[in-house]
Each structure stands twice: as structure tokens, then as C-alpha cells.
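Step one of this worksheet: look at the structure below.
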Amino acid sequence: MFYLNPFEQPGQWYRGNTHTHSTVSDGGLSVAERFEGYRNEGYDFMVLTDHGKVSDVSMYTDDSFLAISGSELHPSNPYGVEVYHFAAINIQTFLLERKV
């Protein structure tokens, strides 16, 4: 068996979160509080993925932190229930407004 520890390889590693909710959907903190919290904990980036919403998060980006807009999508399926969950990252408009 071949084992390779990715953290021992050359390159730059970034600390981030790609799935976070705010009070825009079902989260406990506002958008500003979410970004402030992750920035204060030393994260390099965060993606805001509220359910069915896309927020403009550009004002939270600076030289040391990247704020990325996104959304958690729940498209319908042939059986009529929302069983699929997708995180759409780096989008500016809600994708389910048009055919996916």
C-alpha cells in the first residue's frame, strides 16, 4: 500500500470553511458575525452557503481573508421531495431561479 501525507508535500495550505449558514437562513449568527468569527480564528477563507439565498459578501474580503458567496441548494427530484443537497460555491445569483 502506498501512503502519502498531503501535509508533508510542498505548497501552501489554507484554512477555510466551505459550508456555513447565517441568520439569512437557519444559522445562529449574522453574516457579519460569521465572517468576523472565522477571521478572528485565523481562517484564510469562508464560503457562506445559506439555504436558498446568495448574499453579497465582497465587503468581507481583504488582503488576509477571502469571503466567498455561495448557497446550499435543494433541487426537487422525480419523487417530489428534496433529497439532494448541493453546496454551490462562488456564485452571485441563486441557481434554482433557472433550470439546473
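A few remarks follow.
- For N17, the residues whose modelled amide H falls within less than 5 Å of its own, excluding neighbours fewer than 5 places apart on the same chain, are F45, M46, V47.
- Counting only DSSP beta bridges whose two residues both lie in the chain, roughly 40 percent are antiparallel.
- Relative contact order computed over the range 13-97 (Cα-Cα under 8 Å; 6+ residues apart), in percent: 25
- Principal axis extents of the Cα atoms in the chain, from largest to smallest and rounded to whole angstrom, are 46, 43, 23.
- Rounded tilt (10° steps) of 31-40 against the dominant C-alpha axis of the chain: 10
FYI, it's all coordinate maths here, none of it is from the lab. Keep in mind it's a predicted model, so treat the numbers as computed, not measured.
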